[in-house]
């Protein structure tokens, strides 16, 4: 992506949490709309039972709170998405993830709007079908979010005061921030083993293991054998 003007770049870094916390804000708050929307669907389904009919109000307000929580979640997610290079395979995954979340927001807005003036905010059959589609979209979006974080390494880097703890990390902070965790090597591309599928050459893993073992056994490091110190 093109560099942002200084003022907008400052806003982006604040949304990422840089200088404020030791990890991106998006990963800490993205569960809020997800949990609220799924809770709304559960309440709506239970409200179909006569003795739990009033739970429809709870489902309505959970959906509304999910919409509100989606605003900062989308803003922080956009800030993380902006730093992904467009030629990186993770960019397409992150873009699809964002589009699915937008669809989920539209579905929840429909349910809120159509139920706002009903008695007890009772959902009808269409609302329940929309809720089913909402859960499906959230499931797929959540899966892609996991791919972005755990396969490509975006949104999982250290930042803020945690940058100073470089010796406690297997990967330096600059590499964590600007490079995906998956490391593609020429040796890996020519090898069809499990290590090459993961994108990491075996000798690199062994070098890292040796360095970590030496650091853990070094008395001057203040670590005890068997602990990571993180």
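The values are calculated or read from the model by the stated rules, or taken from the named source; none is laboratory data. Keep in mind the model is a prediction, meaning the values are calculated, not measured. Counting neighbours? That spans all protein chains shown, and the Cβs are built from the backbone with ideal geometry, glycine included.
General observations
- Filter pass, residue 41 being touching a residue at least 60 places away in the same chain (Cβ under 8 Å), in the same structural domain as residue 111 (by TED's automatic domain parsing), touching a helix residue (DSSP H, G or I) at 6+ places or on another chain (Cβ under 7 Å) and surrounded by fewer than 16 Cβ atoms within 10 Å (Cβ to Cβ): no
- The residues listed here are 140, 128; of these, the one that is closer than 18 Å to residue 59 by Cβ, touching a residue at least 40 places away in the same chain (Cβ under 8 Å) and surrounded by fewer than 18 Cβ atoms within 10 Å (Cβ to Cβ) is 128.
- Consider segment 68-99 and keep the residues that are under 19 Å from residue 36 (Cα atoms) and crowded, with 20+ Cβ neighbours inside 10 Å. The one that is nearest to the chain's Cα centre (by Cα) is 77.
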